[in-house]
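To keep things clear, I will list the structure first and then write my remarks on it.
The values are calculated or read from the model by the stated rules, or taken from the named source; none is laboratory data. If you're wondering where the values come from, they're calculated on a predicted model, not measured in any experiment. All Cβ positions, even for glycine, are placed from backbone atoms using ideal geometry, and neighbour counts span all protein chains on display.
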Amino acid sequence: MVDWIRVREELLSGKPILVFDSISREAETDMVYYAGLIDHTKITRLRREAGGLICYVSGSLFRRKLGLSFLNEVFSKHPSYKELATKKPRYGDPPAFNIWVNHIETRTGISDMDKALTIKRLHYVADLVYKGFDVEALDVFYKEFYAPGHVPVLTSRGLANRRGHTELVTALAVILGLTPSMVIAEMLSEGVSLPREDAIRYARRNDLLYIDGFDIIVEAERRGFLND
């Protein structure tokens with residue numbers, strides 16, 4: 001049984017947690033931070049110890065209030081890209097990507113410090129969105145960011161529709177009473193995704209919480225959060 005209070009405390013202390021999706025899906029473990037506490041040292045850890053694509057994740061409200069679209073939907077309307085956009089990954093779900101951005105004050109956008117700055121300001125926008133300051137959120141987002149950049153923004157389709165890490169960590173934030181604003185990266189091994197057993201051992205060695213996506217789904221369903 002997951003101790004949700006402890007999960008919240010760990011994230012708010014600045015530590016990452018590890019989240020596994022499902023054996024029947026990607027069978028991957030992501031390292032996850034709360035975006036409100038991100039800094040360049042955490043980006044460095046994601047890059048070195050997780051190794052996968054470092055992504056910013058928020059909920060469907062973030063997408064709707066900022067007028068974002070899913071990239072596969074945009075590409076499906078483009079004459080040169082639509083054939084690519086109609087294909088799906090092997091696990092069957094449509095992608096959760098919306099846009100790739102840099103903050104205007106970054107140098108190139110790729111360094112750990114630049115990514116941390118971009119994510120900090122994305123979190124600020126998410127905070128505005130989820131506190132109901134829609135006009136301010138739009139103003140900050142469209143003034144302070146440019147695209148394409150080096151930080152992919154992903155938003156949840158809701159666990160009722162998709163059960164990837166984007167939806168899992170968004171639902172987790174809602175369960176914990178946090179702004180849906182997370183940073184994720186897949187944990188990799190030599191040539192492949194890090195096997196679950198190795199990810200569990202990593203969690204134990206580093207005193208990190210390891211959460212099965214199934215537990216998040218059950219708790220989200222119990223609380224009525226499957227569409228967030």
Next on the checklist: If a residue must be among the β-branched types (Val, Ile, Thr), surrounded by fewer than 17 Cβ atoms within 10 Å (Cβ to Cβ) and modelled with pLDDT of 95 or more, how many such residues does region 3-60 contain?
Outcome noted: 3
Checklist outcome for this item: Considering residues that are of a type in the set (Gly, Ala, Ser) and within 28 Å of Lys131 (Cβ to Cβ), the number found within region 33-87 is 7
Checklist outcome for this item: All conditions in (1) assigned to a loop (DSSP other than H, G, I, E, B); (2) under 16 Å from Lys65 (Cα atoms) are true of Glu190 except (2)
Next on the checklist: Given the criteria out of contact with any Gly (no Cβ under 8 Å at 6 or more places or on another chain) and under 19 Å from Leu117 (Cα atoms), does Gly36 qualify?
Outcome noted: yes
Next on the checklist: Looking at region 29-65 only, could you name the residues that are of a type in the set (Ser, Thr, Tyr), assigned to a strand (DSSP E or B) and farther than 19 Å from Glu9 by Cβ?
Outcome noted: Thr29, Tyr56, Ser58
Checklist entry - Somewhere in region 186-199, is a residue under 24 Å from Pro94 (Cα atoms) and either in contact with a Pro (Cβ under 6 Å, 6 or more places away or on another chain) or β-branched (Val, Ile, Thr) (or both)? => result yes
Checklist entry - Hey, among the residues in region 111-166 that are free of Cβ contacts under 8 Å to residues at least 60 places away in the same chain and among the acidic types (Asp, Glu), which one's nearest to Tyr33 (Cα to Cα)? => result Asp114
Item to check | Whichever residue in region 205-228 is more than 30 Å from Leu117 (Cα to Cα) and surrounded by fewer than 13 Cβ atoms within 10 Å (Cβ to Cβ) and, among such residues, is modelled with the lowest pLDDT | outcome: Gly224
Checklist outcome for this item: Given the conditions (1) within 26 Å of Gly224 (Cβ to Cβ); (2) surrounded by 15 or more Cβ atoms within 10 Å (Cβ to Cβ), every one holds for Asn161 apart from (2)
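Does region 2-22 hold any residues that are part of a loop (DSSP other than H, G, I, E, B) and in contact (Cβ under 8 Å) with a residue 12 or more places away in the chain, and which are they?
Of all residues in region 2-22, those part of a loop (DSSP other than H, G, I, E, B) come to 2-3, 13-16, 21-22.
Answer for region 2-22, where residues must be part of a loop (DSSP other than H, G, I, E, B) and in contact (Cβ under 8 Å) with a residue 12 or more places away in the chain: Val2, Gly14, Lys15, Pro16, Asp21, Ser22.
Only residues that are free of Cβ contacts under 8 Å to residues at least 12 places away in the same chain and either surrounded by 13 or more Cβ atoms within 10 Å (Cβ to Cβ) or not small (Gly, Ala, Ser) (or both): list them for region 182-199, please.
Once the filter is applied, which keeps residues that are free of Cβ contacts under 8 Å to residues at least 12 places away in the same chain and either surrounded by 13 or more Cβ atoms within 10 Å (Cβ to Cβ) or not small (Gly, Ala, Ser) (or both), region 182-199 yields Glu190, Val192, Pro195, Glu197, Asp198.
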Checklist entry - For region 146-192, which residues satisfy the criterion of being closer than 17 Å to Glu28 by Cβ and of a type in the set (Lys, Arg)? => result Arg162, Arg163
Item to check | For Pro94: the one exception among (1) under 27 Å from Glu197 (Cα atoms); (2) under 17 Å from the mean Cα position of the chain (by Cα); (3) modelled with pLDDT under 95 | outcome: (1)
